[in-house]
Every structure is written in structure tokens, then in C-alpha cells.
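Each remark here refers to the structure printed beneath this line.
The values are calculated or read from the model by the stated rules, or taken from the named source; none is laboratory data. Note that the structure is a prediction, hence the values are computed from the model and not measured. So basically every Cβ, Gly included, is an ideal-geometry build from the backbone, and we count neighbours across all protein chains shown.
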Amino acid sequence: MKNYFCKEHLTALLFLLTVGFSCQPEEKATGLLAENAMVVSAHPLTSKVGKDILQQGGNAIDAAVAVQMALAVVYPQAGNIGGGGFMVIREADGQYHSLDYREKAPLAASRDMYLDDKGDALPEKSQNGHLASGVPGSVDGMVKVHEKLGSMDWSKLIDPAIKLAEEGFELSEDEAAYFTRASENLKKYSSVDPVQFTGKAWKVGDIFIQTQLSHTLKLIRDKGRAGFYSGEVADYIVAEMERGGGIISLEDLEKYESTWRNPLTGNYKDYTIITMGPPSSGGLILLQMLGIMEKYQVSNQGQAYADYLHLKTEMERRIFADRAAFMADADFYPVPVDELLAEEYLSQRFSNFDPQSATPSDLIREGNILSMSEETTHFSIVDKKGNAVSCTTTLNGGMGSKVMVAGAGFLLNNEMDDFSIKPGFPNMFGVLGGEANKIEPEKRMLSSMTPTIMEKNNELFMVVGTPGGSTIPTSVFQAVVNVIEFDMGMQEAINEKRFHSQWKPDQISFEKDFEREDVLETLRKKGHELSERNGIGRVDAILVLEDGILEGGADPRGMDAASGY
Ligand code: DON
């Protein structure tokens, strides 16, 4: 962060320095400002698709459908039709909805399907290849949300994605490098080499065309749900499964339904938080953290920032222990939501908090969260009337199971790894699980995705979310706290370096290039082990400023972009 002062402020500066206060930076990062409407998503092309729909008179839900479909084309590492997600919606009149289009375990799935004869876990099977996929939910989810709340013709919302797949789009240097790197795994795990991806070493400026995918999208455009869950595309999925030893059947596809759920809501000071409940753990984690923090004064100035980060870590280690024990798909396991959020429970849970020193997490087994990439994706949308959509969607890992459905041209998820494949065995994000999140047919695997909308005094205030596996709820928490406690704008709050901790492994990860060594030193003195890593999260969010102007904050850690008017 820069300290930047202009001449007029010199007197005030001298005064502040004399009395020993630290200086406030004057030049703040500001995101795109727009009067009417805003879309922030992982790719400039998808943000533009969303804005175009809004300008044609579509509402935020229409734009969300178009963005989800377009992400499946230009951001195949996470955008998808072969995965799932969660959408939290606040209508302009203050009605809330949340849609769960999370993948489900196939009917033939079973608790020990990723254990070998000796009972050892086989993460390679839950993370890559045909057995790693849950039954996809994205297409059913988009159909359901459009039926209930959309206003434009369905086909007009799919057309932009079809155009991008058919005519192609130009690759940036990073995209070209990523696609080329991914080719090896796609070749290895797909039953038929997906040459549209793997056929060449991609260079910046190449045009990436996906003919099979455009055909699949046309079927979805013309037949809706039936264009994916039955007929040609369903047959392609089942044939892919049969060739590769997977278990998703026609019956699984026919039976899949996304589900409207009551959003999880809570309050923090003057703010109302509307977020995702089970099968996500994200909303619960966010509300538990805010619930505990309400009793503390926090600041990001000087050493007080280390005290805040210590407090945050101590909350995280307790709450992620709760996650492992109590959180799962509430259709299968009685998640004690009210109990976990009760004020008395939270104060009792935090009663052994010591402001001076870290509480060690017993080491059971460490996960490696250091090499994780940010390959879920989140988008935030506000339309002219004030309808808001917060949506996080994923294939789980980058490019999911790495299985491209031959003939249909899309990637399948590896979401089965979000189940607890063996009690106490960490998933790819290093989080532990137990009985609650065991594999059962048709169950949804526990998620951390935290699409969230906030109100201040009953008015729309913020739309926020991020990818990042287990770091999702804690990144959302930090974006929220940066704005409401540390007085930052949306872009500034997103640019701030992030920290994450999750009970096990017993450490605080922090983003590289965090420059306040004194803060790190204080955390070490309190007994925390620190571990530096590359970017944590990609928060794409919208803040309603006091004058009603929308500030879109796009995460500079990716090629994320805001587009508004
Ligand atoms: O639902 C979840 O919590 C994970 N499948 C999300 C994966 C993710 O964020 C990957 N990107 N970092």
C-alpha cells in the first residue's frame, strides 16, 4: 500500500506525525464505477456477455445464466456445464433465494469406493478420471433459476456462449500457456484424446474454437434440460463413463434435480448477511466467524493488525474443526445449523481464546494446501432495478476430472473428492472430514463455496464470493471485514493481501509480498507457524457506495474483470 500525500495535506501530516499516529494512505484503489448495473467475473469476455444481457433489458438472473454458460466456453478450467454450484439471489424487493445445483454422488457410489483392499485411501481416483465425477448440476440449475426468476428468452441467454464456442476467442499469453500445460492431463484421463484442446501448443493470439461444445450448447438452447440430461448428450456422457470405468448412468442423469433452499441469514452490527447453507459449509463458517468477532474491536493499523489476524486464525481453527465433525449435506445428515450459530455456543467455543498465544491444533494429518490453484469461479451481478446475484460454480480442481466427454466437448467435475473418502483423510484442500460427509448415493458432497449478499439497514450493500477451496469462506470474511471494519472500498478490499488458516494443518498461510514484517513477527511471537504462498482466492464483488453508485471489484490475481454501465 502506498503512502501518498499532496501539498495541501502537509500540515495535517506533520500534525499526525508529531502526535504519533500512523498515516492513512490517500490514494485508494478504486474499481470500475457504474450508475446502473455491474457484472464482475473471471474473464473480460464473460463480464461483457453479462453486461450486454443487462443492457438488452435482461435482469440479473438472465445475466447470471448467460455468464455461467459463457464461462463454460472461455474459462473451461472452472466455468462449466459438467459441474455444479450455488447461487444466492436478492430481488430488488428484498426477497431472498438460494439455489443448490451442486453435483450428487451417482446411485452406484458407495462409502468405501476410494479405498483399496487394505483400506488405504486412493485420492488419485477421487481426484482424476471417470470415477471422480459427481452427477453434474449446472444445466438443471440454470433452467430452474431461469424458469422462476428470469425474464428474457432462454435461447438468447445461451446464444452468446454458442457464438464464443463456434467462432472461438483469442487466447491471452496466460491462457495459451495454461491450455498447453493442461493438455497432457486431458489426454491421459479422457477416453478419447480431446484434440480441440490437445492438438497443438497454444500461443498468444491463437483462436480457440470448440465445435463439439457449441453443438452441445445448441441442444441445451433448443431443448433446455432435456438437451443435457437425456438424448444425445446424456448418451455421450454414459458412453464416456463406460469407456473409462465411471459409474454415472442414464438414471443418474434423469433423476438429477437442483434444489431451492432457504438461504442462511445472520446479522453483524447493522448488516444482514444472506449466504449459502448446507451442503455448503461456507455460509456457516462466515456467520460463525462474524458472530464471534462482533464482541471484539479490530483494526488494521500497526500491531493491532497482528492481533486481528491472531483472532481470525483462532476462530478459523475452531470452526474448521466444527466443519469436519458437523457439516455435510443436510438432506442426509442432521447439520446442527442453529446450534452452531447460537451466541452461547460461539462464546463457549471461544472461551479458551488467548489474545497472546496460539492454541496448537493437534496434528492428525497434514494436507498440502500450498499448491492449490484457484479454479472454481465466482461472479457477482447487480442489475438496474437492484436485483442481485452472487454465484460460485465449479468443477472442483482445475479442469475437474480432466475427462472431456467425447462427442459433447465439455469437461466433467472431480467433485467426489469433496466427500470424506476416508474418515480423517484430507481432501485436495487439506480439509478433514468424518462420518457426516461420508459418501452415500445421491448425496451432495460438502462444499466451502460462499456466494454471499449483504444488506446494510435493509438496503443492498455488497455482493461477494470467490474460488479457493477451503480458503473461500475466510477470503469472503476478509473482503467483508476490510470494507465494514477497515473502511476500504471494494477494489481496495480485494487487493489487500490475504491470510488463511483452517485448524489442520496448524499454520497461517499468507500471500507472498505481504510487506508488514512486524505484523508477521508478532504472529510468530504468539506461537503461530507462518507459511508463505501464492494468491489466495479470486474475489469478484460489487459494493453499493453511499450515493448508490456501484463499485465493481475484480481480483487482480487473475484476469477477472468488471463491466458495467
Ligand atoms: O465446493 C468446494 O468447496 C470446492 N469444490 C471448491 C473448489 C475450488 O474452489 C477450487 N479452486 N480453488
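Out of the residues in region 445-464 meeting the condition of being within 16 Å of the ligand (Cβ to nearest atom) and in contact with a Phe, Trp or Tyr (Cβ under 8 Å, 6 or more places away or on another chain), tell me which one is nearest to Asp252 (Cα to Cα). Filtering first and then ranking leaves Met445. A residue that is in the same structural domain as Phe350 (by TED's automatic domain parsing), within 30 Å of Tyr229 (Cα to Cα) and either modelled with pLDDT of 95 or more or touching a helix residue (DSSP H, G or I) at 6+ places or on another chain (Cβ under 7 Å) (or both) occurs nowhere in region 287-294. Between Leu115, Leu122, Leu131, which is more than 14 Å from the ligand (Cβ to nearest atom) and touching a helix residue (DSSP H, G or I) at 6+ places or on another chain (Cβ under 8 Å)? Exactly one of Leu115, Leu122, Leu131 is more than 14 Å from the ligand (Cβ to nearest atom) and touching a helix residue (DSSP H, G or I) at 6+ places or on another chain (Cβ under 8 Å), namely Leu131.
Of all residues in region 383-413, those satisfying the criterion of being touching a Pro at 6+ places or on another chain (Cβ under 8 Å) and not in a loop (DSSP other than H, G, I, E, B) are Ser390, Cys391, Thr392, Thr394, Met404, Leu411. Among the residues of region 180-199, those that are touching an Asp or Glu at 6+ places or on another chain (Cβ under 9 Å) and of a type outside the set (A, V, I, L, M) comprise Lys187, Ser190, Ser191, Thr198, Gly199. For first residues located in region 73-95 and more than 23 Å from Gly227 (Cα to Cα), partners that are assigned to a loop (DSSP other than H, G, I, E, B) and basic (Lys, Arg) and lie 6+ apart or on another chain with Cβ distances below 8 Å form the pairs Ala92/Lys385. In region 507-538, which residue that is in contact with a Gly (Cβ under 7 Å, 6 or more places away or on another chain) and not in a strand (DSSP E or B) is farthest from Gly465 (Cα to Cα)? So the residue we want is Ile536. On the basis of being over 30 Å from Thr211 (Cα atoms) and either in contact with a His (Cβ under 6 Å, 6 or more places away or on another chain) or buried (at least 24 other Cβ atoms within 10 Å of the Cβ) (or both), does Ala479 make the cut? Answer is yes for this residue. Scanning region 418-435 for residues being surrounded by fewer than 24 Cβ atoms within 10 Å (Cβ to Cβ), within 12 Å of the ligand (Cβ to nearest atom) and either more than 29 Å from Ile273 (Cα to Cα) or without any contact (Cβ under 8 Å) to a residue 40 or more places away in the chain (or both) gives a total of 0. Please go through region 161-188 and pick out each residue that is over 25 Å from the mean Cα position of the chain (by Cα) and touching a residue at least 24 places away in the same chain (Cβ under 8 Å). Answer for region 161-188, where residues must be over 25 Å from the mean Cα position of the chain (by Cα) and touching a residue at least 24 places away in the same chain (Cβ under 8 Å): Glu166, Glu167, Gly168, Glu170, Lys188. Reported count of residues in region 390-415, each being more than 10 Å from the ligand (Cβ to nearest atom) and not β-branched (Val, Ile, Thr), is 13. For region 305-326, does any single residue satisfy the condition of being surrounded by fewer than 18 Cβ atoms within 10 Å (Cβ to Cβ), more than 16 Å from the ligand (Cβ to nearest atom) and without any contact (Cβ under 8 Å) to a residue 12 or more places away in the chain? For region 305-326, residues surrounded by fewer than 18 Cβ atoms within 10 Å (Cβ to Cβ), more than 16 Å from the ligand (Cβ to nearest atom) and without any contact (Cβ under 8 Å) to a residue 12 or more places away in the chain: absent. Here region 489-532 is the region considered, the condition is being in contact (Cβ under 8 Å) with a residue 24 or more places away in the chain and on the phi > 0 side of the Ramachandran plot, and the residue that is surrounded by the most Cβ atoms within 10 Å (Cβ to Cβ) is Trp503. With the structure loaded, tell me whether Gly367 is within 16 Å of the ligand (Cβ to nearest atom), modelled with pLDDT under 95 and not assigned by TED's automatic domain parsing to the domain that holds Glu529 or whether it fails that test. Against the criterion (within 16 Å of the ligand (Cβ to nearest atom), modelled with pLDDT under 95 and not assigned by TED's automatic domain parsing to the domain that holds Glu529), Gly367 does not qualify. Restricting the first member to region 270-293 and to residues that are touching a residue at least 40 places away in the same chain (Cβ under 8 Å) and under 20 Å from Arg349 (Cβ atoms), and the second to residues that are surrounded by 23 or more Cβ atoms within 10 Å (Cβ to Cβ) and acidic (Asp, Glu), the beta-carbon pairs closer than 7 Å and six or more apart or on different chains are Pro278/Asp329. Of the strands (runs of 3 or more DSSP E) lying entirely inside region 190-305, the ones with 2 or more residues being closer than 30 Å to Asn352 by Cα and not β-branched (Val, Ile, Thr) are found at 264-268.
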